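The values are calculated or read from the model by the stated rules, or taken from the named source; none is laboratory data. Being a predicted model, the structure only gives us computed values, none of them experimental. Here the Cβ is made from the backbone with ideal geometry for all residues, glycine too, and neighbour counts use every protein chain on show. To get the accessible areas, we keep the full protein, side chains included, count just its heavy atoms, and leave off ligands, DNA and RNA. Shrake-Rupley method; radii C 1.70, N 1.55, O 1.52, S 1.80 Å.
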Amino acid sequence: MANRAWAALLLLPLLLLASPGARSADAELQRTWDKAWVFAPATSSIGYKRLDTAGLAAYLSSLPSPPTVVVVYAHGCDGLSEISAATGRFLAQAGYLMVAPDGFARQDKPVSCKPISHQGGLHRAVLGWRQAEMQFAFDQVEQIPSLKGVPVILMGHSEGAITVATIADVPAAGRVIEGWTCHAGWPEYRGLNAPPDQPVLALSSEKDPWFRDPELAGDCGAFMQGHPAQRSVVYRAPSYLADKHWLSSDKDVQKIILDFIRETTAR
């Protein structure tokens, strides 16, 4: 009887992994990857091409050498949008491959924000969902043979930036956090879970309309412990970006991001 009990305990983790709930969670994450937006460098006049993950292998096999950097991008609370597309375009035009998993590809995706009124925090558990999507996408990229050894940057905007700031134990080359302060009332949303020596670039504005609550005030620099590889840029008046949420629409901000990626992946 004792041996049977121990055998049952040893089998329990395998049974849990094989349970319908575990399979369902895996299927949901697979959907976010299957519906991801991919922006890739191209020699055409516009300098990029739009792909999906199903066409990624064929694209990579057509290249004389692999991309120099892969950016895994987390979209904001309203899903893949023009912000995501514009980000993909400037990254691809700079020679980088961007993959942006689609959190709204899930079969049951609760509303987590109301963009018109700048209201967030409607689905607190969404952060865990988004972290799982980013981890899954990172793992998928790591498993592509032609991308072995290619540096991976995590980048996110707004809710996606919260995801990039708080996800732990991802051996990425660096992180770009756009439109987030790293300050929050909910403890799991607060702070920076990057290792002290992992390069981080955080971009925020002093009067961002999404962060009027005093609990959200500040910037990610408060959690960087002065490490030279980590930098927080806060736009203040008289900069026209002082009250903007989408900062990388600006060419100068794009340059800061591209310089950070280039310097980080050249280490």
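Among the residues of segment 240-267, those identified as open to solvent by 40 Å² or more (accessible area, probe 1.4 Å) and farther than 29 Å from Pro151 by Cβ are Tyr240, Asp243.
Each residue in segment 169-180 was checked for being of a type in the set (Val, Ile, Thr) and buried (at least 21 other Cβ atoms within 10 Å of the Cβ), and 2 pass. Regarding Asp139, is this residue of a type outside the set (A, V, I, L, M, F, W, C), without any contact (Cβ under 8 Å) to a residue 12 or more places away in the chain, assigned to a helix (DSSP H, G or I) and surrounded by fewer than 20 Cβ atoms within 10 Å (Cβ to Cβ)? Against the criterion (of a type outside the set (A, V, I, L, M, F, W, C), without any contact (Cβ under 8 Å) to a residue 12 or more places away in the chain, assigned to a helix (DSSP H, G or I) and surrounded by fewer than 20 Cβ atoms within 10 Å (Cβ to Cβ)), Asp139 qualifies.
Filtered by the rule that a residue be at pLDDT 95 or above and either surrounded by fewer than 19 Cβ atoms within 10 Å (Cβ to Cβ) or in contact with a Gly (Cβ under 9 Å, 6 or more places away or on another chain) (or both), segment 219-232 gives Cys220, Ala222, Phe223, Gln230, Arg231, Ser232.
Are any residues in segment 147-168 under 22 Å from Leu56 (Cβ atoms) and open to solvent by 20 Å² or more (accessible area, probe 1.4 Å), and if so, which ones? Lys148, Gly149, Pro151 - these are the residues of segment 147-168 that are under 22 Å from Leu56 (Cβ atoms) and open to solvent by 20 Å² or more (accessible area, probe 1.4 Å). Of all the residues in segment 202-217, those that are open to solvent by less than 60 Å² (accessible area, probe 1.4 Å), farther than 14 Å from Glu178 by Cα and in a loop (DSSP other than H, G, I, E, B) number 1.
Among the residues of segment 22-47, those that are open to solvent by 50 Å² or more (accessible area, probe 1.4 Å), over 17 Å from the mean Cα position of the chain (by Cα) and of a type outside the set (A, V, I, L, M, F, W, C) comprise Arg23, Ser24, Asp26, Thr43, Ser44, Ser45.
Among the residues of segment 236-267, write down those that are among the hydroxyl-bearing types (Ser, Thr, Tyr) and part of a helix (DSSP H, G or I).
The initial filter retains those residues of segment 236-267 that are among the hydroxyl-bearing types (Ser, Thr, Tyr), namely 239-240, 248-249, 264-265.
Selection gives Tyr240, Thr264, Thr265.
Contact annotation: residue pairs with Cβ atoms under 6 Å, 6 or more positions apart or on different chains, pairing a residue in segment 248-267 that is at pLDDT 95 or above with a partner that is of a type in the set (A, V, I, L, M, F, W, C) and part of a helix (DSSP H, G or I), are Gln254/Phe90. Restricting attention to segment 181-201, the residues being of a type in the set (Gly, Ala, Ser), buried (at least 19 other Cβ atoms within 10 Å of the Cβ) and out of contact with any strand residue (DSSP E or B) (no Cβ under 9 Å at 6 or more places or on another chain) number 1. Those helices (runs of 4 or more DSSP H) of segment 1-88 in which 3 or more residues are at pLDDT below 95 and touching a Leu at 6+ places or on another chain (Cβ under 8 Å) are absent.
I'm checking my understanding of the structure. Among residues of segment 109-136 that are assigned to a helix (DSSP H, G or I) and β-branched (Val, Ile, Thr), which one is farthest from Val70 (Cα to Cα)? So that I can check it myself, show each step before the final result.
We begin by selecting, within segment 109-136, every residue assigned to a helix (DSSP H, G or I); these are 115-117, 126-136.
Retained after the next criterion (residues that are β-branched (Val, Ile, Thr)): 116, 126.
Numbers: Ile116: 32, Val126: 25 Å.
Checked segment 109-136; the qualifying residue farthest from Val70 (Cα to Cα) is Ile116.
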